[in-house]
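Novice: Mind having a look at this structure? Questions to follow.
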């Protein structure tokens, strides 16, 4: 439970004060105001503190057992005033649960923050990382352990543009906005088969954007070609200057599309069922059970990772240090230009390429 209600926040600080041993109303007042200022909230008067104490006793605030208290009419949060007008918890009182993490869960938060750090250029992630400690009441010392979590891998890079990674992220965010609003877009694009990203190789695309997929360190846009009427895949970093414009009609109004209708026409929800990555199936593709044998380090690597929902282990050999798996994938039609299986499935070729001689296709059975 994320508690952003200001009254709940004040009551939380009162509970912290009581749990720390309690004290007089004046001491409680000073403690709560100090905590409120630390949290970026305005201090309150002593009368507000008294109202909050009463709401605490009655359970009139956001807490995990609120609905149970309503049903039973119970008032489980008991506070007593002892000698010297000091406020303390009654020994029989239960403690309010604000949705904080359990002891064995607390270090999952720094772990999460360490993983998210690689995406901190995304505005929403920046805010999440800032607010997580306050939301779950995690100390700075506990959060410091996020420094022990490292993400290793490639990053977006262009030696002519230091802001390239940020431009790619900003483009992805813009594309998500266009998908949400059902707005058609236009952009200049260089196909990945062209090594040089020059103006000569540019193609103008008019697209109804449908999905963003993050695959093997790259962002891909899945879109419906407005003019050619087919489903296509575009690598976002290949969009020229990461510049996307709204498609306009003759009245200079944004051209829109019905997402549900386009999804029905393209059958996009089933187009990736037999795909290994970001390239959708087509009606002309053929379905196969592909048996692949992995050796040595590749066998150990594949044994613990599922690359596709259809993946099955066909056989294992401890003596040979090998494993054979089956993947049900769609392949392009066999032609003179595309004879080998890897040439008929781009993502499969990418998967096998990393293992070199330690992986081989041993069979492809039509389904």
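The values are calculated or read from the model by the stated rules, or taken from the named source; none is laboratory data. The structure presented is a predicted model; accordingly, all values stated were derived computationally and were not measured. Glycine gets a Cβ as well: all are built from the backbone with ideal geometry, and neighbour counts include every protein chain shown.
Novice: For segment 328-343, which residues satisfy the criterion of being under 19 Å from residue 311 (Cβ atoms) and either more than 31 Å from the chain's Cα centre (by Cα) or part of a strand (DSSP E or B) (or both)?
Specialist: Matches in segment 328-343: 328, 329, 330, 331, 341.
Novice: Got a number for residues in segment 339-350 being free of Cβ contacts under 8 Å to residues at least 24 places away in the same chain and either buried (at least 18 other Cβ atoms within 10 Å of the Cβ) or in contact with a strand residue (DSSP E or B) (Cβ under 9 Å, 6 or more places away or on another chain) (or both)? So that I can check it myself, show each step before the final result.
Specialist: In the first step, residues of segment 339-350 are kept if they are free of Cβ contacts under 8 Å to residues at least 24 places away in the same chain; the result is 339-340, 342-344, 349.
Those still in the list that are either buried (at least 18 other Cβ atoms within 10 Å of the Cβ) or in contact with a strand residue (DSSP E or B) (Cβ under 9 Å, 6 or more places away or on another chain) (or both) too: 340, 342, 344.
Of the residues in segment 339-350, 3 are free of Cβ contacts under 8 Å to residues at least 24 places away in the same chain and either buried (at least 18 other Cβ atoms within 10 Å of the Cβ) or in contact with a strand residue (DSSP E or B) (Cβ under 9 Å, 6 or more places away or on another chain) (or both).
Novice: Further, regarding this structure: Step by step: first the residues of segment 316-327, then only those that are out of contact with any helix residue (DSSP H, G or I) (no Cβ under 7 Å at 6 or more places or on another chain) and assigned to a strand (DSSP E or B), then the one that is surrounded by the most Cβ atoms within 10 Å (Cβ to Cβ). Which residue is that?
Specialist: The qualifying residue surrounded by the most Cβ atoms within 10 Å (Cβ to Cβ) is 327.
Novice: Taking the conditions exactly as written (in a loop (DSSP other than H, G, I, E, B), under 19 Å from residue 349 (Cα atoms) and touching a strand residue (DSSP E or B) at 6+ places or on another chain (Cβ under 8 Å)), does residue 308 satisfy them or not? Reasoning before the result, please.
Specialist: On the way: in a loop (DSSP other than H, G, I, E, B): yes; under 19 Å from residue 349 (Cα atoms): yes; touching a strand residue (DSSP E or B) at 6+ places or on another chain (Cβ under 8 Å): yes.
Against the criterion (in a loop (DSSP other than H, G, I, E, B), under 19 Å from residue 349 (Cα atoms) and touching a strand residue (DSSP E or B) at 6+ places or on another chain (Cβ under 8 Å)), residue 308 qualifies.
Novice: Give me the residue from segment 2-38 that is surrounded by fewer than 13 Cβ atoms within 10 Å (Cβ to Cβ) and touching a residue at least 60 places away in the same chain (Cβ under 8 Å) and, out of that set, farthest from residue 87 (Cα to Cα).
Specialist: That would be 2.
Novice: Hey, does segment 222-236 have a residue that's at pLDDT below 90, within 28 Å of the chain's Cα centre (by Cα) and surrounded by 13 or more Cβ atoms within 10 Å (Cβ to Cβ)?
Specialist: For segment 222-236, residues at pLDDT below 90, within 28 Å of the chain's Cα centre (by Cα) and surrounded by 13 or more Cβ atoms within 10 Å (Cβ to Cβ): absent.
Novice: With the checklist (1) modelled with pLDDT of 90 or more; (2) outside any strand (DSSP E or B); (3) surrounded by fewer than 17 Cβ atoms within 10 Å (Cβ to Cβ) in hand, flag the one item residue 287 doesn't pass.
Specialist: (2)
Novice: Looking only at segment 254-267, filter to residues that are assigned to a loop (DSSP other than H, G, I, E, B) and out of contact with any strand residue (DSSP E or B) (no Cβ under 6 Å at 6 or more places or on another chain); which one of those is surrounded by the fewest Cβ atoms within 10 Å (Cβ to Cβ)?
Specialist: Here the residue is 258.
Novice: Something else: Answer yes if at least one residue in segment 70-85 is touching a strand residue (DSSP E or B) at 6+ places or on another chain (Cβ under 9 Å), modelled with pLDDT of 90 or more and surrounded by 15 or more Cβ atoms within 10 Å (Cβ to Cβ), and no otherwise.
Specialist: yes
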